[in-house]
Each structure stands twice: as structure tokens, then as C-alpha cells.
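Below is one structure, written out as C-alpha cells; the observations come after it.
Taken together, the values in this text are just the output of simple stated rules run on the coordinates, not laboratory data. Keep in mind that what you see is a predicted model, and the values were worked out from it rather than measured. No Cβ is skipped: glycine too gets one built from the backbone with ideal geometry, and neighbour counts run over all protein chains shown.
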Amino acid sequence: MRVLNTLPQADLRLTAASAIASEAAGYDGLLTMENKHDPFLAHAIAAVNTRRVELGTSVAIAFPRSPMVVANACWDLQNASLGRFVLGIGPQIRPHNEKRFSVNWTAPAPRLREYVQALRAIWTSWRQGEKLDFRGKHYTFTLMPPYFVPPSTGQRMVPITLAAVGEHSLRLAGEVADGVRLHGFCTRRYIEEAIVPRVREGMVRTGRVREHFEITGGGFVATGKDAEAVAKAFEIVRGRVAFYGSTPGYWGVLELHGYGDLGRELNAMSKAGKWGEMAGRVSDDLVHLFAAVGTHQEIAARIDERFGGLSDALNLRADSSAAGGDVPTDVIGEIKRIATPFRGYQTAW
């Protein structure tokens, strides 16, 4: 299993030291998110200050950016990192697109499929010297004068992974992407019964194989050096379960386990502004469904029980402000020994 950590984004002056320390600790990958900060900037710093660790966005929001803009950023990061960059993109929900980014909304799955195809067409044009001639319903790219073609340093095509929650996006990930980034609001049973079958349906459509398709995430990890630290992480996860559980788009997970009424209750509380009270409605048993829980000495076994055979890579953080940097190197090594189906991205020009 690949073990991931989070790059600091709030203060880019801290990024280099954090990236170097995570690589030395044995982490396999470093991720950024697009919540409060740009998801690409920190990777420019990490790319030139590390040698081994993979770098990826988890995720960059696609539709506010033209595929051409994203293609350029990825190309530069891939060259700077000598082939270690992985693009993770997602559509975000309609209100954020329309009201936060001022982007017109259309059905996300068909648009995201075209987005991925456009990226690969642009990169192939740059690498192979072919005429750029991509024409779709949402995106058209037909102009690429030689002056605007960035030089190639011979790196592999950037792998593309998609954030996916619903059945259409899960099938799409299996069909066109190199991996899927699952939401933390998942249980083992939900991954087995609702996620993996949809991803496999998509893979069958294009002949993709599981060994070259990475499943990342699908739950939370609550760990620490002692019981007190674990309890603190456990409460962070409880709060996140309450927050996400209030959103109708995630209720399928709760319904599967007989907690549908809780989702509706949490939704009503959120609309009433009772955010501080919502976590109190989430039981310990429910938190355990969503998370692997244990001290550093216990967590590898708990992760194997909760994620083994399903997820290929995990972030050890409990939330975006609590990166897993305090996990001992030997514990990271123990988690990395958990067997997974994924054997590496297979991208080709």
C-alpha cells in the first residue's frame, strides 16, 4: 500500500522543508487540495526539492480552468519533477461552480470525459509534434503555433485520476482515467458493494486492468502516538462524518448501513445553523465504520482490516490541518507492506 502525506499550502515558505522531511520519512506521495489555496503552486516547490516522492493534486477543480491551462501547469510540474507528477481533478458540486467560481454548469460526467480527452490530445500534440485538432461539445482546441509549444524532456504522460462519488463518475473513472480518488465518506462495505462494481464496469468498456488503475482513499485514519492522541483524531473524524453526512449526495453510504434518518437529521441541523451540535449525533460505532482507528503500534493492522484489498493508497491525516508527519518511519514501512492490486500507472504516448 502506498502511504501519502499532505503538503502545507497556507505558507509556501514551509513547503520545501516539509516535502524533504516527508520523503525522508518514507512517504510515497505528497498531495495538495483546492480548498483555500491553489493546488499547483506547492508542487512547484516540492518538485525541485525532492527526488523520489510522487506529487499529486487531490484534487484540482476542473471546470473553472481550461484544459489548456491545466495542461501547461502539469507539463511544467512533470518536467521539474522528472516524471513524478499525477493530476487529480474533480468537478465540484453545482453551487460551487456557479456561485464560487462563476462557471456555467452542465452534466459533469460527459464534460469531465471530454476534459480528460482534451488534456491527452494537447500533451500528445506537444510531445509528438502532431497538429492539435480536438473538437468536442464542451471544448475545442485547434490552434497551437510552434512558438507556444513547450519543450519536452522525455517524461511520461501525466497520469490522470478522477475524484468520484456517484455511479456515473465512478464508471467514468474506470473508463478513461488512470485511477480514482475516493471521498473519505466511505465504509468498507460501501466500497465493496457500490464503488468497485461501478469502477469495474467502466474499465471493461475500454479494456483497462486493475493492476494499472489506482484506488486512493475511501475512508479516514485516526491514529496517534498514544490513546490521547488517537482520541483527538477520532473526534476530528466524528466531526467530518457529521459534516459530510448532512449532504444529500452522500446519503447512499448512510442508507446502506441503516442510518438514512441520521442523514436527514444532520441536514436539518445544518440548515438551522446547529453545526456545533451535529457531531454529537454521530455514534462511536458509526465513526469506526468510516475509519481505521488505533495507536501507531496498532494502526497498520487496523488499516489492513478496513482498507486491505480495496484501497491502494491512503493519506494518514485526520484532517487537512493535521498531516500525518508524526507517524514513525517503521510504522509507515509496515503499512507499505500491505498487499494491494495496483502495480503502477501505465501511461504511453
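Values as computed for the structure displayed
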quantity	calculated
Using a Förster distance of 25 Å, the FRET efficiency for Thr247-Ala10 (Cβ separation, nearest 0.05)	0.50
Percent RCO, i.e. relative contact order, over the range 2-105, from Cα pairs under 8 Å lying at least 6 residues apart	24
Options Leu262, His212, Gly239, ranked by Cα towards positive dipole end of the range 185-265, top entry (Cβ charges)	His212
Theoretical ellipticity at 222 nm over the chain - DSSP helices of four or more residues, -39500 (n - 2.57) apiece, nearest 500	-12000 deg cm²/dmol
Radius ratio Rg over Rh of the range 193-286, counting only Cα atoms, Kirkwood formula for Rh	1.09
Unit charges on C-beta of K, R, D, E only; dipole of the range 16-118, Debye	240
Only Lys, Arg (+1) and Asp, Glu (-1) charged, at Cβ; the range 85-204 dipole about Cα centre in debye	180
Among [x] 76, 54, 45; [y] 59, 43, 39; [z] 65, 50, 39, the entry derived from the coordinates for Cα extents along the principal axes in Å	[y]
Degrees between helix 227-245 axis and first principal axis of the chain (Cα, 0 to 90, nearest 10)	70
Rounded to the nearest 20 debye, dipole of the range 1-62 from Cβ charges on Lys, Arg, Asp, Glu	100
Using a Förster distance of 41 Å, the FRET efficiency for Ala268-Glu228 (Cβ separation, nearest 0.05)	0.75
Rounded to whole Hz, the Karplus (6.51, -1.76, 1.60) HN-Hα couplings of the range 217-225, x for glycine and proline	x, x, x, 10, 10, 10, 9, x, 5
In degrees, nearest ten, helix 167-176 long axis to first principal axis of the chain (Cα)	40
Signed unit charges on C-beta, dipole axis of the chain, positive-most listed residue Val149, Ala222, Ile93	Val149
Of all DSSP beta bridges in the chain, antiparallel share, percent nearest 5	5
In degrees, nearest ten, helix 108-128 long axis to first principal axis of the chain (Cα)	40
Length-normalised contact order for the chain - Cα pairs under 8 Å, 6+ apart - percent	18
Farthest toward positive dipole pole in the chain [+1 Lys/Arg, -1 Asp/Glu at C-beta], among Ala177, Gly252, Gly129	Gly129
Anisotropy class of the range 204-349 from Cα gyration tensor, a/c 1.5 cut	oblate
